[in-house]
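So the structure is just underneath, and the comments pick up after that.
What follows is calculated from the coordinates using simple rules that are stated; it is not laboratory data. Fair warning: this is a prediction, and the values are worked out from it, not measured in the lab. Cβ atoms come from the backbone with ideal geometry, glycine included; neighbour counts cover every protein chain shown.
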Amino acid sequence: MHVFGHISDLQGFLSAQNKIIGFVPTMGALHTGHVSLIKEAKAQSGLVVCSIFVNPTQFNDKKDLERYPRTFEADAALLREAGCDVLFAPSVEEMYPEVDTRKFDFGFLDRTLDGAFRPGHFNGVAQIVSKLFEAVKPHKAFFGQKDYQQVLVVKELVKQLKMQVEIIPCPILRDPDGLAMSSRNVLLTKEEREQAAAIPKLMQEAKAMFNGRNAAEVKKHVENRIASIPLFKPDYFEIRNAEDLSEFDPAKDRQAIALIAVFCGRIRLIDNLLLQ
Ligand code: AMP
């Protein structure tokens, strides 16, 4: 596996390859969920590039940025084992030689759910993803559906910037008890981790209860259940149109999705599940 920290070195290497480039951007602290993206990228491209960069501009909470786990050596070993060809691990100075003042407009997508609860988050995501796409120039980029709203934002970004990259959403990988894998899970205490297992259970309950017309009833039920779990502090639980995250309209929308963001102790966790 080739490891680069500078864009010029990365591009020098990549420009000599004549292969379909599959790209997996990450913030490190890699787990099996990330590895599944690498595997999918390998299956669909000739050369796999993974980036590890904890992007400061997408953290609306400074404490979250400070405590974000950093495990570079273990990450590199995992990537090597997964068959990743290139690891790009730039410094903050490399990605932001000057302050990025760009303001993107994603309309409703940036004002709802995580857009509303994490002001500036998706703007920061758009800044770094556009810079990484510019550096790597991938043919395909692989993103986890765990960050469902992020996938929609990135698709919109690529459209707005007219970038020639195919965005490929990949399924959520889960622990045996159903909790969506996340780099932040290692920060949970034993008790928090036990209670966090309620999240996928609630999502399954919502799916079982949803009949296409009773979104408000399901929302009430799940909100009551969240309130009964001592360590949980919810940001939101919503049932939306899976296509664009607008209010779900049973008369015209084909697919509903349940989305949740909840603090378990100090750690904010998200999950989602397609309904019906
Ligand atoms: P992160 O390092 O958290 O920024 O995630 C990097 C990529 O991995 C994003 O596209 C995430 O959606 C994806 N990812 C994170 N957790 C999972 C998971 N449990 N299953 C599948 N993909 C994931």
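Across region 2-170, the relative contact order, built from alpha-carbon pairs under 8 Å that are at least six residues apart, equals 30 percent. Relative contact order, whole percent, for region 232-276 stands at 39, derived from Cα pairs under 8 Å and 6 or more residues apart.
Computed about the Cα centre, the dipole magnitude for the chain is approximately 320 debye when only Lys and Arg (+1) and Asp and Glu (-1) carry charge, each at its Cβ. Relative to the Cα centre, the charge distribution of region 44-84, modelled as +1 at Lys and Arg Cβ and -1 at Asp and Glu Cβ, gives a dipole magnitude of about 80 debye. Each eigenvalue of the Cα gyration tensor of region 183-274, multiplied by 5 and square-rooted, gives one semi-axis; in descending order these are 26, 13, 10 Å. Tell me, what is a quarter of the convex hull surface for the C-alpha atoms of region 113-172, in nm² with one decimal? With the hull built on Cα positions only, its mean projection is 3.9 nm².
The Cα atoms of region 46-157 cover 40, 31, 29 Å along the three principal axes, with the biggest extent listed first.
Within 10 Å, at most 13 other Cβ atoms, and a DSSP state outside H, G, I, E, B define an exposed site. Report the longest part of the chain free of exposed GluC sites (Glu not before Pro). It would help to have the intermediate numbers written out before the result.
Values: sites that count: E98, E243.
Excluding the exposed sites themselves, the longest stretch runs over 99-242.
The angle between the Cα long axis of helix 198-209 and the longest principal axis of the Cα atoms of the chain comes to about 60 degrees, rounded to the nearest 10. Treating region 150-199 as a set of equal point scatterers at the Cα positions, no solvent, please give the Debye-formula log₁₀ I(q)/I(0) at q = 0.13, 0.18, 0.22 Å⁻¹. Results for region 150-199 at q = 0.13, 0.18, 0.22 Å⁻¹ read -0.50, -0.68, -0.79. Principal axis analysis of the Cα atoms in region 47-111 yields extents of 40, 29, 26 Å, listed in decreasing size.
Kindly give the semi-axes, whole Å and largest first, of the ellipsoid equivalent to the chain, taking each as the square root of 5 times a Cα gyration tensor eigenvalue.
Calculated on Cα positions only, the semi-axes equal 32, 21, 18 Å.
In terms of the mean number of neighbouring beta-carbon atoms within 10 Å, the peptides 85-91, 248-254, 16-22 order highest first as 85-91, 16-22, 248-254. Calculated translational diffusion coefficient of region 97-241 (4 °C, 1.567 mPa s; Stokes-Einstein with Kirkwood radius over alpha-carbon pairs) equals 74 µm²/s.
Any chance you could run the full-extension gain for E191 through E205? It's 0.36 nm times the residue separation minus the Cα-Cα distance, nm to one decimal. Could the numbers behind the result be given before it?
Numbers: separation 14, 0.36 × 14 = 5.04 nm, distance 2.22 nm.
Net length gain for the segment: 2.8 nm.
Within region 110-163, list the trypsin sites (Lys or Arg not before Pro) lying in a DSSP loop whose Cβ has at most 14 other Cβ atoms in a 10 Å radius. Could the numbers behind the result be given before it?
Values: sites: R111, K131, K140, K146, K155, K159, K162; in loops: R111, K162.
Answer by residue number: R111, K162.
Globularity index of region 18-89 is 1.16 (Cα radius of gyration / 2.2 N^0.38 Å, N = number of residues).
The long axis of helix 215-227 is offset from the longest Cα principal axis of the chain by roughly 80 degrees.
Distance between the modelled labels on E73 and S91, one decimal in nanometres: 2.1 nm (7 Å Cα→Cβ projection).
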